[in-house]
Each structure stands twice: as C-alpha cells, then as structure tokens.
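Shown next, in structure tokens, is the structure this report addresses.
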Amino acid sequence: KGTTREQRALKYLKEHARQGDPDSVLETFDEFCRTQEWAMNAAEEKGDILDEIVRELQPTTCLELGTYCGYSAVRIARNLSPSARLITIEVNPDYAAVAREVVKLAGLQDKIEVINLDSADVIRELKTKYDVTKLDLVFLDHWKYLYIRDIKLIEEEKLLKKGSVVFADNVIIPGAPGYLEYIRGSKNYKSTFYSVHFEYMDDMKDGVEKSVYIGDE
Ligand SMILES: COCc1ccccc1-c1cc(O)c2[nH]cnc(=O)c2c1
Ligand SMILES: [Mg+2]
C-alpha cells in the first residue's frame with residue numbers, strides 16, 4: 001500500500017481522535033490496535049501501571065527511551081504538572097516523524113520533546129545540552145539489549161537521585177535478561193516485577209519492572 005503501519009495509525013488518529021485531547025488520542029490508538037492493526041504501545045495493564053507511577057511520583061523531568069509513535073509519551077505527559085517535561089528519544093526517523101504528529105494531535109508539544117538520535121549520544125548531553133540536572137522518571141522501552149547500556153550510562157552521568165524511578169517494559173517478551181540481572185543485583189535499586197498481559201493480546205503474558213533508585217546521589 002506504500003504506507004507504513006505507523007502512517008496508517010496516524011491517519012486513523014487524525015480522522016477519529018479529538019484534536020488537543022490526550023485521552024481521546026490514547027483511546028483512539030487503542031481502538032486502532034484492537035480493531036485494525038496491532039502496534040507495540042505500552043498500553044492497557046502496562047499503561048495503567050505507568051499512569052499510577054506518574055500520578056504518585058509527580059515527576060518534573062522524565063526521560064523515555066523508545067518513542068515509537070508517541071503513545072506512552074502522551075500517556076506520561078497527560079499526567080504531568082504544568083512545568084514538568086518529558087524528553088523522549090527515538091532512533092528511527094520514520095517513527096520519530098509520526099510521534100511528533102501524535103504529540104501535536106494530543107496538544108502536548110509544549111511538554112514533550114521528541115529527539116531523533118541514538119539514546120546513548122543524548123544521555124551524554126542531557127546536562128550540558130538539554131538543561132537536565134536530575135531525572136525523576138526513566139521509561140525504558142527501546143531495544144532490549146540497550147537497557148543495560150543506557151542505565152549504566154545514566155548512572156555514570158549521575159542523573160538519578162534518591163526516589164527516581166526506572167520503569168522497564170518487555171522484561172519477559174522480548175525479554176531483557178541482562179538488564180533484570182543487573183538491576184535486581186544492584187544495591188542502588190529496590191525493584192518490583194509486575195506480571196502483565198502483552199499489549200492488545202489477552203492470551204499472552206509479559207512483564208514490567210519498576211526500580212526505585214536508593215543509591216548515593
Ligand atoms: C516490533 O516487535 C514487536 C514485538 C513482537 C513480538 C514480541 C514483542 C514485540 C515488542 C513489544 C514491545 O512492547 C516493544 N517495545 C519496544 N520496542 C520493541 O522493539 C518492542 C517489541
Ligand atoms: Mg514495549
């Protein structure tokens with residue numbers, strides 16, 4: 001058809017969602033994934049846990065690795081306080097382009113910055129180029145073998161503080177064994193595993209891991 005799945009999803013959102021209404025964008029995206037085409041959104045049970053974390057933590061500075069079409073970026077940002085910000089990194093230019101449109105459709109372009117670069121390169125520049133001092137929330141949802149690389153980089157950059165939350169998707173499917181071993185073995189985190197359904201699949205189980213940073217600042 002010449003269009004990509006992500007472009008078809010965006011078209012559906014533009015035709016069916018209410019402009020400027022994040023809840024409508026998310027509901028419409030869920031409807032698309034349930035009725036038209038599956039997409040790898042941190043939705044349903046995963047999204048509910050994410051909502052709970054954001055509402056309880058009330059983070060000021062959030063970092064998401066793996067924007068895809070912007071579903072979880074909108075899900076996070078819709079619950080942020082007025083001055084709070086989300087930086088989301090997407091290495092794939094086609095995904096980043098769609099995500100920027102979805103963020104605009106939700107009316108959240110003032111809270112969300114989509115960066116189309118490699119996550120490691122951006123993490124190294126968060127303090128100098130992106131005016132970040134500390135990260136209150138990190139959401140890992142990009143390539144699973146990069147979770148451990150990037151969390152170590154975030155620690156090296158001293159971007160976490162006591163109480164910062166690192167939330168990781170897909171720790172069962174596709175799985176992030178190295179990351180789980182690392183984070184659960186580290187004295188600097190208190191980790192909790194949640195068994196959840198895989199997005200939009202009632203007969204498949206996945207897992208998400210919530211880790212609270214308790215280490216030295
Ligand atoms: C394109 O693969 C889709 C797929 C197929 C089978 C199993 C898992 C996944 C999957 C699920 C997710 O939530 C994901 N989240 C972020 N980056 C991913 O690559 C990713 C992959
Ligand atoms: Mg995921």
If I histogram all Cα-Cα distances within region 65-169 using bins 10 Å wide from 0, what percent of pairs lands in each bin?
15, 51, 32, 2
³J(HN,Hα), Karplus 6.51/-1.76/1.60, whole Hz, each residue of region 126-133, x for Gly, Pro
4, 6, 7, 9, 10, 6, 9, 9
Name the residues whose placed amide hydrogens come within less than 5 Å of the amide hydrogen of G207, ignoring near sequence neighbours (fewer than 5 apart) on the same chain.
N170, V171, I172, I173, V196
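Between S83 and K14, what length in nm is gained on full extension when 0.36 nm per residue of separation is reduced by their alpha carbon distance?
Computed gain between S83 and K14 is 22.1 nm.
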In Å², nearest 10: area of W38 left accessible to a 1.4 Å probe:
80
Return the sequence-ordered ³J(HN,Hα) values of region 15-22 in whole Hz as given by the Karplus equation 6.51 cos²θ - 1.76 cosθ + 1.60 applied to θ = phi - 60°, using x for Gly and Pro.
7, 10, 9, 7, 4, x, 10, x
Starting from one equal scatterer on each C-alpha and no solvent at all, send me the Debye-based log10 I(q)/I(0) for region 120-217 at q = 0.17, 0.22 Å⁻¹, two decimals.
-0.74, -1.13
Which listed pairs, of K46/K190; K104/K152; K152/K190, have C-alpha distances above 21 Å, in listed order
K104/K152
At a 1.4 Å probe radius, carbon and sulfur cover how many percent of the accessible area of the chain?
50
What does the highest-first list of 6-18, 162-174, 187-199 look like by mean Cβ count within 10 Å?
162-174, 6-18, 187-199
Return the inverse of the average 1/r over all pairs of distinct C-alpha atoms in region 5-117, which is the Kirkwood hydrodynamic radius, in Å to one decimal.
13.7
What ³J(HN,Hα) values, in whole Hz, does the Karplus curve 6.51 cos²θ - 1.76 cosθ + 1.60 give for region 189-201 when θ = phi - 60°, with x put for Gly and Pro?
10, 10, 9, 10, 9, 10, 7, 9, 6, 5, 3, 6, 10
From DSSP H assignment alone, runs of 4+ in the chain each adding -39500 (n - 2.57), the sum over residues rounded to the nearest 500 puts [θ] at 222 nm at -11500 deg cm²/dmol
Let me cross-check D30: its accessible surface, 1.4 Å probe, with only protein heavy atoms counted, in Å² to the nearest 10?
40
Rg(Cα) of the chain divided by 2.2 N^0.38 Å?
0.96
Counting only heavy atoms of protein chains, what accessible area per residue, in Å², does region 132-217 have with a probe of 1.4 Å?
45
Measuring from label point to label point, each 7 Å out along Cα→Cβ, what is the D21 to R124 span in nm?
4.5
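The values are calculated or read from the model by the stated rules, or taken from the named source; none is laboratory data. Given the structure is predicted, the values throughout are model-derived calculations rather than measurements. Don't worry about glycine lacking a Cβ; one is built from the backbone with ideal geometry, like all the others, and counts go over all protein chains shown. For the accessible areas, the whole protein counts, side chains as well, though only heavy atoms, and no ligand, DNA or RNA atoms are used. Shrake-Rupley method; radii C 1.70, N 1.55, O 1.52, S 1.80 Å.
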